[in-house]
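As structure tokens, the structure follows; a few thoughts come after it.
The values are calculated or read from the model by the stated rules, or taken from the named source; none is laboratory data. Nothing here was measured: the structure is a model prediction, and the numbers come from that model. Every residue, glycine among them, receives a Cβ derived from its backbone with ideal geometry; neighbour counts consider all protein chains shown. Ligands, DNA and RNA are excluded from the accessible area calculation, which covers all protein heavy atoms including side chains. Shrake-Rupley method; radii C 1.70, N 1.55, O 1.52, S 1.80 Å.
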Amino acid sequence: MSSLRIGHAEQEQALERLKTAFAEGRLDQAEFENRVGRTVAARTEDQLGAVLAGLPAAADLPECSTAGSVSLRDRVADRLVRALRCAVFCWLPPPSGRDQPGR
């Protein structure tokens, strides 16, 4: 690794690797979010390398058949939607009519 500066292309590649790792179950929700934040903040190859540590390189990932299976994008989108729903519903106050007795 080096302290060379990275650009948007390198950040996008790292984000794709993180999405793949998340969809495959290699990262849990909290670690995925943490690594995404660190990827966006990364400015050098060293910082980006630390974010991707412990994950297989894109070339190391096995080829899999996608015939009849859900695409990676759909799996990641489904997990993100479920996580966002949980976050929203956990923080929303109850509707005003429900918390009053006798209604």
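I'd like the full set of residues that are open to solvent by 30 Å² or more (accessible area, probe 1.4 Å) and not in a helix (DSSP H, G or I), limited to the stretch 23-43.
Just the residues of the stretch 23-43 that are open to solvent by 30 Å² or more (accessible area, probe 1.4 Å), to begin with: 24-26, 28-31, 33-34, 36-38, 40-41, 43.
Once the filter is applied, which keeps residues that are open to solvent by 30 Å² or more (accessible area, probe 1.4 Å) and not in a helix (DSSP H, G or I), the stretch 23-43 yields 24, 25, 26, 28, 43.
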Here the residues within the stretch 44-56 that are surrounded by 15 or more Cβ atoms within 10 Å (Cβ to Cβ) and under 23 Å from residue 80 (Cα atoms) are 48, 51, 52, 55
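If you take the residues in the stretch 64-79 that are of a type in the set (Val, Ile, Thr) and surrounded by 10 or more Cβ atoms within 10 Å (Cβ to Cβ), which one is modelled with the lowest pLDDT? It would help to see each step written out before you state the result.
Our first condition is that a residue be of a type in the set (Val, Ile, Thr); within the stretch 64-79, this holds for 66, 70, 76.
Narrowing the set further to residues that are surrounded by 10 or more Cβ atoms within 10 Å (Cβ to Cβ) leaves 70, 76.
Numbers: 70: 66, 76: 83.
Among residues in the stretch 64-79 that are of a type in the set (Val, Ile, Thr) and surrounded by 10 or more Cβ atoms within 10 Å (Cβ to Cβ), the one modelled with the lowest pLDDT is 70.
Can you tell me which residue in the stretch 6-22 is surrounded by the fewest Cβ atoms within 10 Å (Cβ to Cβ), limited to those that are over 22 Å from residue 80 (Cα atoms) and touching a residue at least 12 places away in the same chain (Cβ under 8 Å)? First the steps, then the outcome.
Of all residues in the stretch 6-22, those over 22 Å from residue 80 (Cα atoms) come to 6-10.
Of the ones still in play, those that are also touching a residue at least 12 places away in the same chain (Cβ under 8 Å) are 6, 10.
Details: 6: 18, 10: 16.
Among those that are over 22 Å from residue 80 (Cα atoms) and touching a residue at least 12 places away in the same chain (Cβ under 8 Å), it is 10.
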